[in-house]
Amino acid sequence: EVPAAVMEADMYYASQVNAKYEMIQGFYFENSEEKAVLLDELKDLETYHQQLMNELESNPDNDLVINALIRHYQIKLEVMDQIITQLNQVKSEISENHEKESI
């Protein structure tokens, strides 16, 4: 059985990832296909997460698997933060351009 502390950490990180995913979903994209590709890529990272969880269920006391799971979440959150930062920059640039055009 997977240790409770690991399950608690998994739930915490999963909620963080879900919140950032929803933020990214909420951004306006001029090209809806680009948005779909980005969201699909983020969902594809779930496949690796599921592999780690399966490995953890088989080896609940394996620190390497536990560390890999946590590191996976940390990297995913870092990537999502970078995406959000870039989307905010694009949003600001679009907003500035609209303001300049209306002057």
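The values are calculated or read from the model by the stated rules, or taken from the named source; none is laboratory data. Bear in mind the structure is a predicted one, so any value in this text is a computation, not a measurement. Virtual Cβ from ideal backbone geometry, glycine too; neighbours counted across all protein chains shown. When the accessible area is computed, the model is the full protein with side chains, heavy atoms only, and any ligands, DNA or RNA have been set aside. Shrake-Rupley method; radii C 1.70, N 1.55, O 1.52, S 1.80 Å.
Observations
- Only listed residue being modelled with pLDDT under 95, among the aliphatic types (A, V, I, L, M) and assigned to a helix (DSSP H, G or I), chosen from Val6, Val2: Val6
- Restricting attention to the stretch 1-36, the residues that are of a type outside the set (Gly, Ala, Ser), surrounded by 13 or more Cβ atoms within 10 Å (Cβ to Cβ) and in contact (Cβ under 8 Å) with a residue 12 or more places away in the chain add up to 11.
- Among the residues of the stretch 53-98, those identified as farther than 29 Å from Gly26 by Cα and in a helix (DSSP H, G or I) are Asn54, Glu55, Leu56, Glu57, Ser58, Asp63, Leu64, Val65, Ile66, Asn67, Ala68.
- Residues of the stretch 45-61 satisfying the condition of being among the polar types (S, T, N, Q) and either in contact with an Asp or Glu (Cβ under 6 Å, 6 or more places away or on another chain) or open to solvent by 100 Å² or more (accessible area, probe 1.4 Å) (or both): Gln51
- Filter result for Leu64 (at negative phi and surrounded by 15 or more Cβ atoms within 10 Å (Cβ to Cβ)): no
- Restricting Gln86, Gln74 to residues that are polar (S, T, N, Q) and open to solvent by less than 70 Å² (accessible area, probe 1.4 Å) narrows the list to Gln74.
- In the set Asp61, Asp40, only one residue is of a type outside the set (Val, Ile, Thr) and touching a residue at least 40 places away in the same chain (Cβ under 8 Å); that residue is Asp61.
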